[in-house]
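Reviewing the structure listed below.
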């Protein structure tokens, strides 16, 4: 007999492109709720932060951040280990059940904050993507990943577009891990659409962070410079000593740029410029993804501090009549 699904807590989703302040805001929201007696924990929705050792380059929450608020979804596997959205869903579901259990045991309200920019991870949890319906085969996956390493991403993308054009059309084709997973699915079941979402089993609301282009560009450049100044080159060097730099995990922006400095192929300023350029392109792809997501209440974090309004949305999720529709969340937040 299949055991019944564990209860899950109300869910606040903080979505948005890279370098829009999601992690910092999630921590502030969680701390504010904790001060009001609400159990609040953060689940990262970032497909690169699952890898151990990729800390500075993925803007992972620091040890100090994690001491302030419990974080999940971080440091789950080594860079040379496979990790799929199904693996992420398994982890997140366990965490959500634990958060609900802790809140019940404490006799207090509880809330999970799902924060990140990996749209598929956010959708899989908050929309209830049925990852069990997505087939897998370890032997096929191993062969596909070997082909990707030997022949390169471009050849794998070309093969995917021929084998499953519909699946390829909705994919970030610059992400080697997702291309490999799509090829695995396509080889097993063909070019069929993704399964329909099943929904989230508790009150939930989406809040999106979006800033004006000029401001966002400045934030991207400032973060890149800060990462390089604060140890990204040393982190990249240590990782390259332990792992094959061709691993898909190292498609995370920043590591190739750091290695180019180490190898004398670029100056520090050139590496920062390339890093920033790649992140701007990445942010454009993320914004395109989020345009297809319904019911997101967007706000501009570069304007007045919206923490009280977001906390009000979060508290409403725990109240008897939660704002589960974007219009209700927007009524509290105000349009950006």
Out of curiosity, is residue 20 in a loop (DSSP other than H, G, I, E, B), assigned by TED's automatic domain parsing to the domain that holds residue 80 and touching a strand residue (DSSP E or B) at 6+ places or on another chain (Cβ under 7 Å)? yes
Which condition number does residue 189 fail, the rest of (1) over 20 Å from the mean Cα position of the chain (by Cα); (2) under 27 Å from residue 250 (Cα atoms); (3) surrounded by fewer than 19 Cβ atoms within 10 Å (Cβ to Cβ) being met? (2)
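Does residue 34 satisfy being over 26 Å from residue 250 (Cβ atoms), touching a strand residue (DSSP E or B) at 6+ places or on another chain (Cβ under 6 Å), surrounded by fewer than 23 Cβ atoms within 10 Å (Cβ to Cβ) and without any contact (Cβ under 8 Å) to a residue 40 or more places away in the chain?
Details: over 26 Å from residue 250 (Cβ atoms): yes; touching a strand residue (DSSP E or B) at 6+ places or on another chain (Cβ under 6 Å): yes; surrounded by fewer than 23 Cβ atoms within 10 Å (Cβ to Cβ): yes; without any contact (Cβ under 8 Å) to a residue 40 or more places away in the chain: yes.
When the stated conditions are applied, residue 34 passes them.
Has segment 85-97 got at least one residue that is in a loop (DSSP other than H, G, I, E, B) and either in contact with a strand residue (DSSP E or B) (Cβ under 6 Å, 6 or more places away or on another chain) or modelled with pLDDT under 95 (or both)?
Filtering segment 85-97 down to residues in a loop (DSSP other than H, G, I, E, B) leaves none.
No, there is no match, as no residue in segment 85-97 is in a loop (DSSP other than H, G, I, E, B) and either in contact with a strand residue (DSSP E or B) (Cβ under 6 Å, 6 or more places away or on another chain) or modelled with pLDDT under 95 (or both).
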Looking at (1) modelled with pLDDT under 95; (2) assigned to a helix (DSSP H, G or I); (3) over 19 Å from residue 19 (Cβ atoms), which is the one condition that is false for residue 286? (3)
Qualifying positions in segment 53-80 - within 18 Å of residue 121 (Cα to Cα) and either assigned to a loop (DSSP other than H, G, I, E, B) or in contact with a strand residue (DSSP E or B) (Cβ under 6 Å, 6 or more places away or on another chain) (or both): 58, 59, 60, 61, 71, 72, 73, 74, 75, 76
Applying the selection to segment 289-324, what residues are assigned to a loop (DSSP other than H, G, I, E, B) and surrounded by 14 or more Cβ atoms within 10 Å (Cβ to Cβ)? 293, 295, 300, 301, 302, 306, 322, 323, 324
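How many of the residues in segment 193-220 are part of a loop (DSSP other than H, G, I, E, B) and surrounded by 15 or more Cβ atoms within 10 Å (Cβ to Cβ)?
Residues of segment 193-220 part of a loop (DSSP other than H, G, I, E, B): 193-203, 210-212.
Within this subset, residues satisfying the condition of being surrounded by 15 or more Cβ atoms within 10 Å (Cβ to Cβ) are 194, 200, 202-203, 210-211.
Residues flagged as part of a loop (DSSP other than H, G, I, E, B) and surrounded by 15 or more Cβ atoms within 10 Å (Cβ to Cβ) within segment 193-220 amount to 6.
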Every listed condition ((1) without any contact (Cβ under 8 Å) to a residue 40 or more places away in the chain; (2) within 20 Å of residue 314 (Cα to Cα); (3) surrounded by fewer than 16 Cβ atoms within 10 Å (Cβ to Cβ)) holds for residue 71 save (3)
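Of the residues in segment 243-283, how many are in a helix (DSSP H, G or I) and either surrounded by fewer than 19 Cβ atoms within 10 Å (Cβ to Cβ) or out of contact with any strand residue (DSSP E or B) (no Cβ under 8 Å at 6 or more places or on another chain) (or both)? Break it down stepwise before answering.
To start, the set of residues in segment 243-283 that are in a helix (DSSP H, G or I) comprises 248-251, 255-262, 268-283.
Going one step further and asking which of them are either surrounded by fewer than 19 Cβ atoms within 10 Å (Cβ to Cβ) or out of contact with any strand residue (DSSP E or B) (no Cβ under 8 Å at 6 or more places or on another chain) (or both), we end up with 248, 250-251, 255-262, 268-283.
Summing the residues that are in a helix (DSSP H, G or I) and either surrounded by fewer than 19 Cβ atoms within 10 Å (Cβ to Cβ) or out of contact with any strand residue (DSSP E or B) (no Cβ under 8 Å at 6 or more places or on another chain) (or both) in segment 243-283 gives 27.
How about segment 103-163: which helices (runs of 4 or more DSSP H) wholly inside it have at least 1 residues that are outside the structural domain of residue 74 (by TED's automatic domain parsing)?
Values: elements: 119-123, 138-151, 153-163.
Helices (runs of 4 or more DSSP H) meeting the threshold: 138-151, 153-163.
The values are calculated or read from the model by the stated rules, or taken from the named source; none is laboratory data. All of these numbers come straight from a predicted model, not from anything done at the bench. Glycine also receives a Cβ, built like all others from the backbone with ideal geometry; neighbour counts cover every protein chain displayed.
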